[in-house]
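See below for the structure under consideration.
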Amino acid sequence: METVQAEKTLRDQVMDAIKTVYDPEIPVDIYELGLIYEVSVFPVNNVYIKMTLTSPACPAAESIPSEVETKVKMIKDVNDVQVEMTFEPPYSADMMSEAAKLELGFI
C-alpha cells in the first residue's frame, strides 16, 4: 500500500512540474491547454509522458518537449523520463480546460 501512495505523490510532483511549462505564444500552461495526453509513473520511478503541440508547425516544437523532460528530471525521485510526441488525435481548442478557455477568451 505504501508504494501506491508514493507513486501518487511522485505523479503529483510530475504534474506540478508539467504545469510550469508554457507555450511561449500562449499565456496558459501546457496541461491546461490540453497538450498532455498521458502521464505514467512506473514502479522504478520512470516517467512516461505522451503529449502533442497546438500544431505540427509550432515554433516551439523542439523546446516544449525538452523543457518538459528537463523539469520532470529535476524531481528528486525520478529515475528516467520519456516524452513521446504525437499528433493523434489532432489538437483542437476543445481539449483546453475551462480555465484556459476563460483565460484566452474562448468563453
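Bear in mind these aren't lab numbers, they're just calculated from the coordinates by the rules spelled out. Here the structure is a predicted model, which is why all the values come from computation and not from measurement. Because the Cβ atoms are built from the backbone with ideal geometry, glycine has one as well, and the counts that use them run over all protein chains shown.
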_Reference-scaled alpha-carbon Rg (2.2 N^0.38 Å with N residues) for the range 33-107_ = 1.21
*What is the order of 104, 33, fewest Cβ neighbours within 10 Å to most?*
104, 33
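Looking at the range 2-100 only, what percent of DSSP beta bridges run antiparallel? Nearest 5 please.
That works out to approximately 50 percent antiparallel.
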*Would you kindly compute the Cα radius of gyration of the range 46-86 and its largest Cα-Cα separation (Dmax), both in Å?*
10.9, 34
